[in-house]
Amino acid sequence: MEITDLSILTRGGPVIWVLMGLGALALVLFVERLLYLHRGQIRSKDFVDGIKNILAQRRMVEAVTVCEEAPGPVAAVVKAALVHAGEDEARMRYAVQDAAIVELPALERRLGALAAIAQVAPMVGLLGTVLGMATTFRAFMEGGQYATAQALSIGMWQGLITAGTALALAIPAHLGHHLLSGRVRAIVRDVEWAGNEIMRYLMTEYKEQRSAGGATGNENGVATGVTGGVKQ
């Protein structure tokens, strides 16, 4: 019997079905989180630059609409800054932080369950090994001096298979959790950068543009009034 033969798993006893269930759950959690994080991760620099270009044309409503249609926490944080663009820096920063507090916990959702499976699987395998050894000693006691190798191998098979299956489950689960955690950290960095960058822009360049636009409008109004007075 080859070690790659999946029918060998049937020798693992009842514990093997617990490990199979944990493995299926870990796979579902990993795929769901991977798709969610992939969908929520955007190119933050390109996105913020696009919002700046829209704001440079004084189209605030369009910028907010773009943020609403874009997925992920980066867009939500940028939107919070845009909505409070007319307020002072403290209120704007509070709004951005509040939006981040709402969005970021969703990124880490279910990662704890995947980490728990990676930690619990070896202990479940150890339980299967102990039960297998107990089965072997029971065969010793019942068979006495005439215990056959086949009777003794049942418990040993159970112990080895459950231990190997537990390790085969725990290793990729740990790697999957590490990969997803790295994705989360990358998105968090993007959120922090996007929030700081859009606030800096709104408090400096955007205000200067609005002030320049208002000053130009006032000059045009004064010039029109003077011209009208001369004609009269």
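Within segment 53-84, which residues are farther than 20 Å from Ala100 by Cα and assigned to a helix (DSSP H, G or I)?
Taking segment 53-84 as the starting set, the residues that turn out to be farther than 20 Å from Ala100 by Cα are 53-62.
Asn53, Ile54, Leu55, Ala56, Met60, Val61, Glu62, listed by residue number.
Evaluate the following for Arg109: is it in a loop (DSSP other than H, G, I, E, B) and at pLDDT 85 or above? Answer is yes for this residue. Of the residues making up segment 100-109, those that are touching a residue at least 24 places away in the same chain (Cβ under 8 Å) and over 9 Å from the mean Cα position of the chain (by Cα) are Ala100, Val102, Glu103.
When residues in segment 175-209 are screened for being of a type outside the set (D, E, K, R) and farther than 29 Å from Arg59 by Cβ, 11 of them pass.
Can you tell me which residue within segment 166-208, out of those that are hydroxyl-bearing (Ser, Thr, Tyr) and modelled with pLDDT under 90, is surrounded by the fewest Cβ atoms within 10 Å (Cβ to Cβ)?
Pass one, segment 166-208, residues hydroxyl-bearing (Ser, Thr, Tyr): 181, 201, 204, 206.
With modelled with pLDDT under 90 added as a condition, the list becomes 201, 204, 206.
Numbers: Tyr201: 19, Thr204: 10, Tyr206: 19.
Top of the filtered list is Thr204.
Looking at segment 71-91, can you tell me whether even one residue there is over 23 Å from Arg185 (Cα atoms), among the basic types (Lys, Arg) and surrounded by fewer than 16 Cβ atoms within 10 Å (Cβ to Cβ)? Yes, some residue in segment 71-91 is over 23 Å from Arg185 (Cα atoms), among the basic types (Lys, Arg) and surrounded by fewer than 16 Cβ atoms within 10 Å (Cβ to Cβ). For segment 25-64, the set of residues classified as more than 20 Å from the chain's Cα centre (by Cα) and surrounded by fewer than 14 Cβ atoms within 10 Å (Cβ to Cβ) consists of Asp46, Asp49, Asn53, Ala56, Gln57, Arg58, Arg59, Val61, Glu62, listed by residue number. Within segment 81-96, being in contact (Cβ under 8 Å) with a residue 40 or more places away in the chain and within 23 Å of the chain's Cα centre (by Cα) holds for Ala81, Val96.
Any residue that is closer than 30 Å to Ile117 by Cβ and aromatic (Phe, Trp, Tyr) - is there at least one of those in segment 16-28?
Taking every residue of segment 16-28 in turn, at least one turns out to be closer than 30 Å to Ile117 by Cβ and aromatic (Phe, Trp, Tyr).
Test of understanding: among Ala24, Ala70, which residue is aliphatic (A, V, I, L, M) and modelled with pLDDT of 90 or more? After applying the criteria, what remains is Ala24.
For segment 26-44, the set of residues classified as touching a residue at least 60 places away in the same chain (Cβ under 8 Å), of a type outside the set (A, V, I, L, M, F, W, C), more than 11 Å from Leu180 (Cβ to Cβ) and part of a helix (DSSP H, G or I) consists of Gly40, Ser44, listed by residue number.
The values are calculated or read from the model by the stated rules, or taken from the named source; none is laboratory data. Computed from a prediction, not measured in an experiment: that's the story for all the values here. Virtual Cβ from ideal backbone geometry, glycine too; neighbours counted across all protein chains shown.
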